[in-house]
Amino acid sequence: MQQLILPVLLASFWTICTGSADWCYQSQFTCDHQCNTPDKWNLAHSDCGGKYQSPINIVTRKTLKDERLTPFEFNNYQQIFRDTIKNNGHSVKVGVPHLSTISGGGLPTTYKAVQFHMHWGKHGGPGSEHTIDGEQYPMELHIVHMKHHYTDLTTALSDPEGVAVLGFFYERSNSANRKYDPITNALRSITITNSNTSLPSISLAQLIPAEQNLTSFYRYKGSLTTPGCTEAVIWTVFENTIPLSMDQLRVFSDLQFHDGKPMVGNFRPVQPLNGRQVFRSGGAVILVSSTLLLAAIATALGLSQPN
Ligand SMILES: [Zn+2]
């Protein structure tokens, strides 16, 4: 009898753990909490196993310059709004009134802002979703937009080009970015999953680099980076970064997942390109290793020297 108990116990434990578990990030997986980590998202959400998934690692020397990737036109990005900031158990999310729009930038039409959220690491460590030549930044901002004529994201996601996400990397700086005070201050009130608080007045423009510094970006077609992983996203990843101090980066780690554990490492690992081409705007530079660069300069100097 006793010999039977352990396997039965294990089997029921397994069913409870895998059957009822919601999706989670790798950082959430423990023996006590066997949730569906990114490699298993496709079990419950088949699109997560698709061919055109996000995020990706952008290999800059393999990107193709595309003259059609003209600068974006940001409309009403300066618009001041008040909304709630919520800990949704996976990230912090802020709803945005659909007044701010983007066009240009090689997009097929005008897209309006819906919400923004972030992905981050542990205490300011690596945490971005996209990587550039293998480099993972401490944090990444996603401003989610949908085609202007849609009224909800669900409908937009049924259109293969229905959603446009602007991705921005954060970089550690020596001084605090005061424009982020409303966000970082609000985090204290939403440490627990499903809690929310109202944000003081902010604009999307204050959260991102100045418009003239947004002409360099990468473009590819991909998916949402959380389940259902719908492949309906035109991705833009900007080269210019947003500065935050170490203290500002760290406060995001004070948030909690639903089980009370620190909300850290809420990023999906990079996905295979599967033959996709990544394009770059005219302003984006190919990162050359300093050794190669020095060699190139030396060669150039050598050639230009009079014999
Ligand atoms: Zn995201």
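The values are calculated or read from the model by the stated rules, or taken from the named source; none is laboratory data. Since we're looking at a predicted model, the values are computed, not measured. Cβ: placed from backbone, ideal geometry, glycine included. Neighbour counts: every protein chain shown.
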Margin query: Looking at segment 57-79 only, could you name the residues that are closer than 30 Å to PRO200 by Cβ, surrounded by fewer than 15 Cβ atoms within 10 Å (Cβ to Cβ) and in contact with a strand residue (DSSP E or B) (Cβ under 7 Å, 6 or more places away or on another chain)?
Written below: GLU73
Next item on the list: Check ILE202, ILE190 and return the single one that is of a type in the set (A, V, I, L, M), more than 18 Å from the chain's Cα centre (by Cα) and over 22 Å from PHE72 (Cβ atoms).
Entry: ILE190
Notebook entry, point to check: From the set of residues in segment 131-149 that are near the ligand (Cβ under 10 Å from one of its atoms) and within 9 Å of the chain's Cα centre (by Cα), which is surrounded by the fewest Cβ atoms within 10 Å (Cβ to Cβ)?
Noted result: LEU141
Checklist line | Some residue of segment 76-99 being modelled with pLDDT of 95 or more, of a type outside the set (Ser, Thr, Tyr) and closer than 16 Å to SER216 by Cβ | finding: no
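When you check LYS112 against the structure, is it more than 14 Å from the ligand (Cβ to nearest atom), part of a loop (DSSP other than H, G, I, E, B) and within 19 Å of the chain's Cα centre (by Cα), yes or no?
Considered against the rule, which asks whether it is more than 14 Å from the ligand (Cβ to nearest atom), part of a loop (DSSP other than H, G, I, E, B) and within 19 Å of the chain's Cα centre (by Cα), LYS112 comes out as no.
Please count how many residues of segment 157-172 are closer than 17 Å to TYR52 by Cβ and either basic (Lys, Arg) or surrounded by 15 or more Cβ atoms within 10 Å (Cβ to Cβ) (or both).
Of the residues in that region, 7 qualify.
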Note to self: As an exercise: evaluate THR197 against (1) surrounded by fewer than 17 Cβ atoms within 10 Å (Cβ to Cβ); (2) farther than 23 Å from LEU99 by Cα and give the number of the one condition it does not meet.
What the structure shows: (2)
Item checked: Residues satisfying the stated conditions in segment 115-130, i.e. in contact with a strand residue (DSSP E or B) (Cβ under 6 Å, 6 or more places away or on another chain) and within 15 Å of the ligand (Cβ to nearest atom) -> GLN115, PHE116, HIS117, MET118, HIS119, TRP120, GLY127, SER128, GLU129, HIS130
Item checked: Hits in segment 139-182 - residues which are assigned to a helix (DSSP H, G or I) and under 27 Å from GLY228 (Cβ atoms) -> LEU153, THR154, THR155, ALA156
